[in-house]
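Contents: one structure, followed by commentary.
Read the figures in this text as sums done on the coordinates, not as results from a lab. Worth saying up front: this structure is predicted, and the values here are computed from it rather than measured. Note that we place each Cβ from the backbone using ideal geometry, even for glycine, and neighbour counts take in every protein chain shown.
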Amino acid sequence: MQSTVETTRSYRVLSHEEREEIMIGLRTNESLRDIAKRLGRNVSVISREVRANSTEDGRYQAFWANARSSRRRKSSRTRPRIRDLLVRRYVEQHLKLGWSPEQIAGRLPIDHRGKRVSYETIYEFIFKTRRDLTQYLQCGRKHRRKRTDPRNKRVLIRERTGIDQRPACINDRSEYGHWEGDTAVSRRCTTALLVLQERSLGLTLLTKLPRCAPKEMAAAVINRLQDLPAEMRRSITFDNGQENRHHTTIRDALNIDTYFCEPYSSWQKGSVEHAVGLTRRFWPKKTDYALISDEEIAMVEYRLNTRPRKRFGFLSPLEYAYRVALTA
């Protein structure tokens, strides 16, 4: 049988047509040497092909041989994303601590001199090699929330100062002592979690609230900020939730300015919104906050304040605040 396959080849991999020729030759009791000569291949190529891609019962089928070869070639091109065992253990350990791949990549050279890995490589490692680690990545919502026209919002909070009147030193984070406040709530209980986030130093404060109500909210904010130096409590920004109605009590007790986002624009206090999202890694939605101890809350607060931040050169907020205090 004459083959239409050219004798001069620019590639080494056998084609599906060549495998069909090998199958036909074997079934007609043609020798491997004759098959190789007809295909313009070395006899060792044909011999290895038959030995490697025959079925378990010793039969050579072109279709299955082609499928096995393709599968083997695909797996041979899959290289390990992170070869260094020390780096791999570092990545796994800090992912479980809630660090992002970018934070891990930035902090690695600080903790281990001479070791480097890009955060894109870490993502590749997670999604293509260790998909079990995806549970430790911060996930967004599955569906976007329906937005309502802000013009239909009737503001009920008295004596509020809009965020548009906030000084530039707060907006550009050039001055310390400016906070954002928010609450994490659950449908399982009336107990809530107060989250305070400092805009410049990135410090996070967590406090359990008996209920998400104005009186409890004001008391918790005052309790957490009253012992700080005056320069560390200059202002605080809230959204328009009704739990923030007693902001004047906070303002007068702490001698602090209070500002409010525009209606339905909680993204304007993005720092604390991000911090609330980080707490969801430890306590997902529908968590009963009443069952969480103060010790556990303190532990999570410490872990959030020891996470490296890109804007601080991958120092943690506590490390950065300490460095700022030394240079003040």
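Fewest first, what order do Cys261, Cys189 take by the number of other Cβ atoms within 10 Å?
Going from sparsest to densest Cβ surroundings: Cys189, Cys261.
Each residue of region 224-232 in order: what ³J(HN,Hα) in whole Hz does its phi give by Karplus 6.51 cos²θ - 1.76 cosθ + 1.60, θ = phi - 60°, with x for Gly and Pro?
7, 9, 5, 8, 7, x, 4, 6, 9
Please determine, in degrees from 0 to 90 and to the nearest 10, the orientation of helix 85-95 with respect to the longest principal axis defined by the Cα atoms of the chain, where the helix direction is its Cα long axis.
Taking Cα atoms only, the helix is inclined about 40 degrees.
Place a point 7 Å from the Cα of His16 along the Cα-to-Cβ direction; which residues of region 45-62 have their backbone N under 20 Å from it?
Only 49-50, 53-55, 60-62 fall inside the zone, counting backbone N under 20 Å.
With axes computed from alpha carbons, what is the tilt in degrees of helix 101-111 against the longest principal axis of the chain, rounded to the nearest 10 within 0 to 90?
Once rounded, the angle reads 90 degrees.
How long is the gain from Leu228 to Asn42 if the chain were fully straight, where each residue apart is worth 0.36 nm and the alpha carbon distance is subtracted?
Here the answer is 58.8 nm.
Roughly what would the spin-label model give for His112 and Ala168, points 7 Å off Cα along C-beta, in nm?
4.5
So who's got an amide H within less than 5 Å of the one on Asp257, skipping anything under 5 residues away but keeping other chains? H placed 1.01 Å off N, in plane.
HN-HN under 5 Å from Asp257: Ser235, Ile236.
Once the Cα atoms of helix 317-327 and of the chain are each reduced to a long axis, what angle between those two axes, in degrees from 0 to 90 to the nearest 10, is obtained?
Taking the Cα atoms of the chain, the angle to 317-327 is about 60 degrees.
May I ask you to derive the relative contact order of the chain, considering only C-alpha pairs under 8 Å and at least 6 residues apart, and to give it as an integer percent?
About 14 percent, as a whole number.
Please list the non-local residues whose amide H lies under 5 Å from the amide H of Ser200, H modeled 1.01 Å from N, same-chain partners needing a gap of 5 or more.
It is Gly177, His178, by chain and number.
From the phi of every residue in region 126-134, what ³J(HN,Hα) in whole Hz does the Karplus formula 6.51 cos²θ - 1.76 cosθ + 1.60 yield, where θ is phi - 60° and glycine or proline is x?
Once rounded to whole Hz, the list reads 5, 7, 10, 10, 10, 5, 5, 8, 5.
Residue-wise, which Karplus ³J(HN,Hα) couplings in Hz belong to region 65-72, taking 6.51 cos²θ - 1.76 cosθ + 1.60, θ = phi - 60°, and x for glycine or proline?
The phi angles translate into 5, 5, 5, 5, 5, 5, 5, 5 Hz.
What do you get for trypsin sites (Lys or Arg not before Pro) in region 154-189 restricted to DSSP loop and a cutoff of at most 10 other Cβ within 10 Å of the site's Cβ?
Hits after loop and neighbour filter: Arg154, Arg158, Arg187.
Need the full-extension length gain, Asn255 to Arg131, defined as separation in residues times 0.36 nm minus the C-alpha distance. One decimal, nm.
39.6 nm
Take the alpha-carbon centre of region 156-233, take the same for region 238-303, and report the distance between them in whole Å.
6
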